[in-house]
Amino acid sequence: MGSALVNTLEDLRRTLDTHATAAPDAFGLIERARTHAVRLRRRRRILTGTGTALAIVLVSVAVPLFLRQPAPAPSPPAAPPSRSAAQLSVELVPGSAFQITTRGGTEDSQWATVRATVDIESARPGRPGANEGADVIVHDPGTYDPAVLQRGEPVTVAGRPGWYVESLPSVVIVPLDLPAAAGPAVGFQDPSGAWVTVGDVEAEETARQHLIEIGNQVRLAEPIEAGAPFQFGWLPEGLPVSRVRQLPMGPAVTFGFGPVSGRDVALSVTAQSSVGDRDWPMIKDGMPDTVTVNGNTVRYAARPNAVWTGPDTGADMTVEVGTCVFYFHVLDRERLSRPDLLRIVEHARFTSCDDPSTWLPPAR
């Protein structure tokens, strides 16, 4: 596989998220869970790979920056929720030269990784001076304080008043556990009341122009419930959907259920195809505790185990349905026991990982 040299942290970040079209890992837990050999192989995969790739987690943090203008009026009071954690609405305008390679949502925000189509299709992404894309964060109405943003340089984005700042934390790469990197950003308020920020950790002379160009491509449609190649007919009390991450070009999806603890959730479920995944045979060998539930092969391993790393309180389970594999990762197996997980599978409906038209709401 030909690729450009990776000389800096920014080169690494760009290469990883440009090609992050394999299935996403779970939120924090699975991102630290693979063995080192598995993680190293995943970092080398490109767009055609089918294994679980490194996830890019967007973080929007308001930090004190330089003061350019008088402080604006206080933010309006918090509004009622405009969408659920499983509802996504970030799109690009038709005919855009960019694509969304990863998207996700929480209870109060959405994010999307936007990359140039020409780079996605190239074995050597990254063209000097070209607009390679940016990271988009959408804060639901009433959940974002724009005071710092509004002290930046006034600009026009998507036909609306916006601001440009030279340094704003943008992304964290996991499982490398690198700190948030600061970079230029633009932001504006959508007619819906949501605040949109577009950022990139690469600081170049063309950053302002490139970020505005990406911002002009973003639009918020009516929120749509994210689908999954599974639907759970039973879940223990207190496990609503709290996170979702999609890789549209995979296609692949991860859902987080229940309370959030740092980057972790009580239960995460990732769906991906096993076709072409060189790690799947190793995972199967390392999980010998096998049972059959509703005709599907289920493997379970309490931690610590031979395949996954993570908190010793947790557990891991896989469900093999044809060429589709469903990875279950539990933060606390006292809270979610092996019988609980088997009951979830017993009352679940599974569809095709490869055909999003068959996907369903993740729980009923």
Original post:
Going by the conditions given, is T297 out of contact with any Cys (no Cβ under 9 Å at 6 or more places or on another chain) and not aromatic (F, W, Y)?
Top reply: yes
**OP:** Check R338, R299 and return the single one that is of a type outside the set (A, V, I, L, M) and either surrounded by fewer than 19 Cβ atoms within 10 Å (Cβ to Cβ) or over 25 Å from T351 (Cα atoms) (or both).
**Re:** R338
Original post:
Among the strands (runs of 3 or more DSSP E) confined wholly to segment 188-280, which include 2 or more residues that are in contact with a helix residue (DSSP H, G or I) (Cβ under 6 Å, 6 or more places away or on another chain), within 19 Å of I137 (Cβ to Cβ) and open to solvent by less than 50 Å² (accessible area, probe 1.4 Å)?
Top reply: none
Original post:
Is it true that T318 is among the β-branched types (V, I, T) and assigned to a loop (DSSP other than H, G, I, E, B)?
Top reply: no
Original post:
Looking only at residues in segment 103-124 that are of a type in the set (A, V, I, L, M, F, W, C) and open to solvent by less than 10 Å² (accessible area, probe 1.4 Å), which one is modelled with the lowest pLDDT?
Top reply: I120
**OP:** Please indicate, with yes or no, whether at least one residue in segment 87-98 is over 24 Å from P362 (Cβ atoms) and without any contact (Cβ under 8 Å) to a residue 12 or more places away in the chain.
**Re:** yes
Original post:
Going by the structure shown, is L342 in contact (Cβ under 8 Å) with a residue 24 or more places away in the chain, in a loop (DSSP other than H, G, I, E, B) and either hydrophobic (A, V, I, L, M, F, W, C) or within 16 Å of W280 (Cα to Cα) (or both)?
Top reply: no
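Can you name the residue in segment 281-296 that is of a type in the set (S, T, N, Q) and not in a loop (DSSP other than H, G, I, E, B) and is also surrounded by the fewest Cβ atoms within 10 Å (Cβ to Cβ) among such residues? It would help to see each step written out before you state the result.
Initial filter on segment 281-296 (of a type in the set (S, T, N, Q)): 290, 292, 294, 296.
If we keep only those that are not in a loop (DSSP other than H, G, I, E, B) too, we end up with 290, 292, 296.
Numbers: T290: 12, T292: 8, N296: 18.
Going through the qualifying residues, I end up with T292.
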**OP:** Assess whether D354 counts as being open to solvent by 70 Å² or more (accessible area, probe 1.4 Å), in contact with a Pro (Cβ under 6 Å, 6 or more places away or on another chain) and not in a strand (DSSP E or B).
**Re:** no
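Take the residues of segment 127-141 that are surrounded by fewer than 18 Cβ atoms within 10 Å (Cβ to Cβ) and touching a residue at least 12 places away in the same chain (Cβ under 8 Å): which is farthest from V198 (Cα to Cα)? Can you show your working first?
First, pick out the residues of segment 127-141 that are surrounded by fewer than 18 Cβ atoms within 10 Å (Cβ to Cβ): 127-130.
From what is left, the residues that are touching a residue at least 12 places away in the same chain (Cβ under 8 Å) are 129-130.
Working: G129: 18, A130: 17 Å.
Looking at residues that are surrounded by fewer than 18 Cβ atoms within 10 Å (Cβ to Cβ) and touching a residue at least 12 places away in the same chain (Cβ under 8 Å), I get G129.
The values are calculated or read from the model by the stated rules, or taken from the named source; none is laboratory data. Bear in mind that the values here come from a model prediction, so they are computed numbers and not experimental data. All Cβ positions, even for glycine, are placed from backbone atoms using ideal geometry, and neighbour counts span all protein chains on display. Accessible surface areas use protein heavy atoms only, side chains included; no ligands, DNA or RNA. Shrake-Rupley method; radii C 1.70, N 1.55, O 1.52, S 1.80 Å.
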